[in-house]
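Notes to accompany the following structure.
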Amino acid sequence: MITAISAPRRPGLALGTGVLLLILSVASGVSSAPRETPSAQLERTWGINLDSSSSFSQADHKEDNDPDHTVTAALWIRSLLVLSRDRSVEMIAQGSYTWSDDREYLFNVDTLRATGRFPGLLGETSMVRATAGRFHLRDTTGLVLSHVADGLQLRVSYPFARLRLAGGYTGLLLNPVSDIRMTETDLTESDDDDTFFGPARLLGVAEITFSDLPRRQSLSAAVTAQKDLRDADDDETTFDSLYATIALSGPLAGNLYHSLSGTVMAGSAEADSTTKSSLGFLAEARLRYYREALAGSRLGANFTWASGDEGGADRFVPITRGTAGTILDLPLEDILRGEIFYSFRPFPGIQPSLTVGWFFLASDERPQTPEVDTDSDGRFLGTEVVGRLVARPVSDLGIQLTGGAFFPASGSSGVFTSDRKTEYLLKIEISTSL
């Protein structure tokens, strides 16, 4: 079941070979500086990571409230080729085996990438990083796209600006580990044991960041795109989309920092030779206050709006589905979210935190979730309260406890009927390295 072995021929399968040769050839240097005697050194390390997770939830609207248990063992290998002029090529591979209540085994290639680091390649102040293989690909906000893909990524950095170009393919990812669920077909296949691979998409990201602006501000402009590689027919709908993002971040005053972003989505859905265009919007604002002298305190507030079918806008559809809350499992679509959080470190290696979130619909369209009041025009979904305790008693052992509740809203301003009861969650995660 390892994708690199059993995958049939698909676009991008032979992508890494040529790029690895290119990285190694560039590592030898294209520079106006005098050629130095090579002094390459190879370093190798490896290890085993063990992770276990147990979650206990209680919700009257769910048929199955049994505990969920997952155990993962991962073997990773890292090789670092150190070259002259501070250049290097790093190669990382990680494979894992996962056992869970509903699946006795899942073998997966989590990471398989080579990264070349070439300072001074495009000028004395430049830094070039090139990555090929299977790696985590993320858009500027992390809300549109945050997913593993097979592909290429190029980063070029100068003191005044950074450029990033990336492309990837998701058709070789195993279906159970894929979270790209943009259409009804994608969602249907997520529970299909006969579907071996996840949804096949071509991804692209182009981003430029100016980090030396007045008042230590950073401005980013980016374009993210995805292409659905299915063929539209009577039973399937394909969806292609492009996202244009502007983001601004930096300090406001003292220890207070901000982050603002806005995204416009242009989508095109096709089914049985019929095409429908859509225009969606996403906006996010974040505030962070840091007070290291007060037990490493962190205080923050987040605001997120993803458009629905209302007011000339269409439903915003991210590439990575995710969830709007920790307990509330609705996607970040047609939703308005506000939350505040606080964390501190009373002792070394101990960090408790508390997050309170409020969720509203962005339009009058009713969500696809149990116990919705179809006769109500209320938009308040409810309140979520989540507490976390992260502990790292030693460097190779991590423990995280998560507990909380979602309080659904009913009545004239609420979305749910009175039959939707409070939902509770308790989750214990343990990770260690050997």
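Per the listing ARG35, ARG44, ARG117, the residue uniquely modelled with pLDDT of 95 or more, surrounded by fewer than 16 Cβ atoms within 10 Å (Cβ to Cβ), over 30 Å from LYS421 (Cα atoms) and among the basic types (Lys, Arg) is ARG44.
Remark: THR209 falls outside the filter, which requires a residue to be at pLDDT 95 or above, closer than 30 Å to PHE107 by Cα, of a type in the set (Ser, Thr, Tyr) and in a strand (DSSP E or B). Note on the stretch 390-434: residues that are of a type in the set (Asp, Glu), at pLDDT 95 or above and closer than 25 Å to LEU361 by Cα amount to 1.
For (1) touching a residue at least 40 places away in the same chain (Cβ under 8 Å); (2) surrounded by fewer than 17 Cβ atoms within 10 Å (Cβ to Cβ); (3) under 24 Å from PHE239 (Cβ atoms), each residue gets a yes or a no:
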{"position": "LEU163", "(1), (2), (3)": "yes, yes, no"}
{"position": "GLY171", "(1), (2), (3)": "yes, no, yes"}
{"position": "ARG181", "(1), (2), (3)": "yes, no, yes"}
{"position": "GLU184", "(1), (2), (3)": "yes, yes, yes"}
{"position": "GLU189", "(1), (2), (3)": "no, no, yes"}
{"position": "PRO199", "(1), (2), (3)": "no, no, yes"}
{"position": "GLU207", "(1), (2), (3)": "yes, no, yes"}
{"position": "ARG215", "(1), (2), (3)": "no, yes, no"}
{"position": "SER220", "(1), (2), (3)": "yes, no, no"}
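Among the criteria (1) assigned by TED's automatic domain parsing to the domain that holds ASP179; (2) over 29 Å from ARG420 (Cβ atoms); (3) not in a strand (DSSP E or B), the one GLY308 does not fulfil is (2). Test SER261 against the stated conditions and say whether it is out of contact with any Ser or Thr (no Cβ under 6 Å at 6 or more places or on another chain), modelled with pLDDT of 95 or more, under 24 Å from ALA149 (Cβ atoms) and outside any loop (DSSP other than H, G, I, E, B). No: the conditions fail for SER261. Within the stretch 181-194, is even one residue touching a Lys or Arg at 6+ places or on another chain (Cβ under 6 Å), over 30 Å from SER79 (Cα atoms) and assigned to a loop (DSSP other than H, G, I, E, B)? Checking the stretch 181-194: at least one residue is touching a Lys or Arg at 6+ places or on another chain (Cβ under 6 Å), over 30 Å from SER79 (Cα atoms) and assigned to a loop (DSSP other than H, G, I, E, B). Each residue in the stretch 74-103 was checked for being more than 19 Å from PRO119 (Cβ to Cβ) and of a type in the set (Val, Ile, Thr), and 3 pass.
Look at the stretch 123-150: where a residue is more than 22 Å from ALA161 (Cα to Cα) and in contact (Cβ under 8 Å) with a residue 60 or more places away in the chain and a partner is assigned to a loop (DSSP other than H, G, I, E, B) and acidic (Asp, Glu), sitting 6+ places away or on another chain with Cβ atoms under 8 Å, you get LEU145/ASP139; SER146/ASP139; HIS147/ASP179. The single condition among (1) crowded, with 19+ Cβ neighbours inside 10 Å; (2) free of Cβ contacts under 8 Å to residues at least 24 places away in the same chain that ASP64 does not meet is (1).
The values are calculated or read from the model by the stated rules, or taken from the named source; none is laboratory data. Only a predicted model underlies this, so the values are computations on that prediction, with no experimental measurement involved. When we count neighbours, we look across all protein chains shown, and the Cβ atoms used for this are built from the backbone with ideal geometry, even at glycine.
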